[in-house]
Structure formats: C-alpha cells, structure tokens
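Note sheet for the following structure.
The values are calculated or read from the model by the stated rules, or taken from the named source; none is laboratory data. Just so we're clear, the structure is a prediction, and the values are computed from it rather than from any experiment. Using ideal geometry, Cβ is built from the backbone for each residue, glycine included, and neighbour counts are taken over all protein chains shown.
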C-alpha cells in the first residue's frame, strides 16, 4: 500500500463519482482537504469487516471485491467496485463498524474521505443526501435479488449469472481478461471451487464459453442468459 500526492483536486478530477457534482465549490474544497489517496496491491485489504468505519472509499483505478467473512473462513462476495464507485457501509449512523470487507482484486487506487465529512454533507446538502439514500436503496435491492438467486437457483444458473454479470457490469468487453480467481467466482456464487470448475467445463463443452488461461469469451450469451433466468 502506498500514498499518492494530490496531483489534482476534487473540483477538476475526472475520476470522481458523479454524486460530487451535487456539491458547491466550497463543499468540494472541504472534501478535497479531508481526503487522501492510496494505492493497494492485489490482495491487500482496503476495509476489514468488524473494524471501525472512519472513511468511505472512492475507487479511481483498479477493481475491488466487497465480501462478507462467514463461518469456517467461507466468504460471500456481495459485489465488485470499479471506478468511479463509492464504498461506504451500513455501519454509518449505526455502530460505525464495517459489516463487510473490501479487498483489491488487482492494483487499486482509492480516495479515502472521512465519514464525518460525508455526514456534514448529508446534514447540510439535502440533494446530496437524497441521492446517497437512492444509491443505498439500489444496493439493498440488488442484494435482495442476489440472495434469492443464490438460494433458489441451481449451480448452472448461478454460474451463468456470474459470467453475464462479469461481462456486462465489470469488464464490459468480449472477450475479457478475468482478474478474479476461480475461488472468487465460487465466493460470488456460494459454491465450492471444485463445482465452479466443473460447471465451467460443462459450459466449455457445450460451446457457451471459451477459456484460454485468463481470457474468457462468451460464445453464446443468449443461451447463458436463458440458463440464468431458468435457474
């Protein structure tokens, strides 16, 4: 992990989350003076579940995973964060603890902003507060849908959903170089690593995927979507 100097300010930053466009110049300057930028190596922890929630992270480069640390060292990945997503947590205004961990999947840079600054913005800027509440609700809805999929879909449906998610929401190109591990896919789908590898082989044999090392190509997206929808 390394600290970067302020090479730009929040007002002119092209990598900032668009929620900060709702702030005036004075508020942006206040955020800029109370942030710092860090680069995390692959595998480094950005936030640890159970630790004090003192900052929110705004991802500016790279990719991070958000996951719950469960029993017997089994994790459940909730989602991934890429530029320019902001990561806070449900602990704000409650117990000020992180209720999930965040780790860098690849080299990742983030701006860390003191939670006290975010709370001040919520108190004094109602437009910012409403937008933040909307984003929080969208995350809750996505998690509700995810939990239904994990508990009611078979393994093939979960893996199909995972690859469509990676294609559409994370990498945005086909083929793509996958930077997450097979274990990450297992943690994303609540499956064992062995079952993930087994289902991927089935999809390869059926001509749905091409896998060449870390390069993944979706060959039949329509069929993968159908498998995901039918479970």
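Here are some notes:
- Region 210-226: number of residues that are outside any strand (DSSP E or B), under 24 Å from the mean Cα position of the chain (by Cα) and surrounded by 13 or more Cβ atoms within 10 Å (Cβ to Cβ): 3
- Test: residue in region 136-150 that is touching a helix residue (DSSP H, G or I) at 6+ places or on another chain (Cβ under 7 Å), touching a residue at least 24 places away in the same chain (Cβ under 8 Å) and under 26 Å from residue 38 (Cα atoms): no
- Residue identified as surrounded by 15 or more Cβ atoms within 10 Å (Cβ to Cβ), under 25 Å from residue 46 (Cα atoms) and in the same structural domain as residue 221 (by TED's automatic domain parsing) among 112, 166: 166
- Region 11-22 - residue that is under 22 Å from the mean Cα position of the chain (by Cα) and not in a helix (DSSP H, G or I) and, of those, surrounded by the fewest Cβ atoms within 10 Å (Cβ to Cβ): 14
- Failed criterion for residue 96 (all others in (1) modelled with pLDDT under 95; (2) touching a helix residue (DSSP H, G or I) at 6+ places or on another chain (Cβ under 8 Å); (3) surrounded by fewer than 17 Cβ atoms within 10 Å (Cβ to Cβ) hold): (1)
- Just one of (1) farther than 27 Å from residue 183 by Cα; (2) in contact (Cβ under 8 Å) with a residue 12 or more places away in the chain fails for residue 67. It is (1).
- Among the residues of region 179-209, the one identified as outside any helix (DSSP H, G or I), farther than 15 Å from residue 161 by Cα and in contact with a helix residue (DSSP H, G or I) (Cβ under 7 Å, 6 or more places away or on another chain) is 192.
- Residue within region 23-32 that is loosely packed, with under 13 Cβ neighbours inside 10 Å, in a helix (DSSP H, G or I) and out of contact with any helix residue (DSSP H, G or I) (no Cβ under 9 Å at 6 or more places or on another chain) present: yes
- Here the condition is being crowded, with 17+ Cβ neighbours inside 10 Å and in contact with a strand residue (DSSP E or B) (Cβ under 6 Å, 6 or more places away or on another chain); of 77, 68, it holds for 77 alone.
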